[in-house]
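Structure first, then comments.
FYI, it's all coordinate maths here, none of it is from the lab. As the structure is a computational prediction, the values presented were derived from the model and not from experiment. Virtual Cβ from ideal backbone geometry, glycine too; neighbours counted across all protein chains shown.
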């Protein structure tokens, strides 16, 4: 079987509808593994084609060109287990960037201990999903702030979550000042995923969001799910404090025993405004886009607002919080 765990600088084709992944998800997974281009048809320099059907115009053309074809039942194994090798891939992508991207903070935490993983499982009430378990066995926390132009010499230490999302604090004042004096070339990316001890055991309710306004029978709608509000907020954790107005929360869903990312907006006032993003896809998108923006809708059916920007021809919407500081 063709190995898709490392497709650095390769062209990969994706054709048809897959039962376990959307087309957008497959592109993100391939891009995060280094794919230079993801197309819908094969050419002579295509490394592999992922095809929903064994026969048809596009897979038949790929065979004529000698391009290996992977069917839906082959895809997961070819990509590797969820978030397998993530630390190594992220480190490679960071090191492979041109040197005009200046790292201000760069720290990837050590793996989480078995004891910590057991405590997390006790807190959420179910076993860690495979993607999360694989990630925490490689690293516990990511702090990465980069800018163009340079903000400061690189600091190899965790960035405190409350500093990362405090827009009136010193860090954001310095970033705003850097942008003010470099409007034509300023850009940045920020990932601030605290250690799991903070994510799962900090008291977030009443600090970054509040369930006080909801009674025992009140419900909220998260994506297509209707949930009891108190239970939703009990299983909501701040995961990526990348901005003051917006934050990424980790929703541990006890019913489906999954991890999803949901976004808070308006400084934590609204946590139900967009569809949940699968945990694996969120992390892989960070690796691909270097924390410069966040994915908010995998099918791009949301209307445009000032905080969303569609990049044609990508099949999703992005949250771009750093366009105007």
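Be a star and scan region 182-211 for residues whose amide nitrogen sits under 18 Å from the point 7 Å along the Cα-to-Cβ vector of residue 152. Backbone N within reach: 187-194.
Counting other beta carbons within 10 Å of each residue's own, what order do 230, 183 fall into, fewest first? Walk me through the intermediate numbers first.
Values: 230 17, 183 7.
Fewest-to-most Cβ neighbours within 10 Å comes out as 183, 230.
The label point for residue 273 and the one for residue 210, both projected 7 Å from the Cα toward the Cβ, are 1.8 nm apart.
If contacts are Cα pairs under 8 angstrom and at least 6 residues apart, what is the relative contact order of the chain in percent? The partial results should precede the final answer.
On the way: 627 pairs, mean separation 46.4, N = 325.
With pairs under 8 Å counted, the relative contact order is 14 percent.
Among 324, 289, a tally of other beta-carbon atoms within 10 Å of each Cβ gives an order, fewest to most, of 324, 289.
If r is the Cβ-Cβ distance from residue 201 to residue 8 and R0 is 45 Å, what FRET efficiency results, to the nearest 0.05? Mind showing how you got there, number by number?
Working: r = 37 Å, r/R0 = 0.83.
About 0.75, to the nearest 0.05.
With all pairs of separate Cα atoms included, region 11-79 yields a Kirkwood hydrodynamic radius of 11.7 Å.
For the Cα trace of the chain, dividing Rg by the Kirkwood Rh returns an Rg/Rh value of 0.97. Taking every alpha-carbon pair under 8 Å whose residues sit at least 6 apart, region 94-191 reaches a relative contact order of 37 percent.
Using 0.36 nm per residue and subtracting the Cα-Cα separation, the extra length available between residue 256 and residue 40 on full extension is 74.5 nm. Kirkwood's formula applied to the C-alpha pairs of region 1-157 gives a hydrodynamic radius of 17.8 angstrom.
Sorted from fewest to most neighbouring beta carbons within 10 Å, what does the list 100, 282, 86, 214 look like?
Numbers: 100 9, 282 21, 86 24, 214 15.
The fewest-first ordering by Cβ neighbours comes to 100, 214, 282, 86.
Spin-label model, residue 91/residue 71: points 7 Å from Cα along the beta carbon direction are separated by 3.9 nm.
So what is the calculated 222 nm ellipticity per residue for the chain, using -39500 (n - 2.57) for each DSSP H run with n of 4 or more, over all residues, to the nearest 500 deg cm²/dmol?
Numbers: 11 runs with 92 residues, N = 325.
Counting only the DSSP helices, I get -7500 deg cm²/dmol.
Here each label is just a point 7 Å from Cα along the line to Cβ, and for residue 245 and residue 187 those points are 2.1 nm apart.
What do you get for Rg/Rh over region 131-215 if you use C-alpha atoms and the Kirkwood form of Rh?
Numbers: Rg = 16.2 Å, Rh = 15.2 Å.
Reported Rg/Rh, Kirkwood definition of Rh: 1.06.
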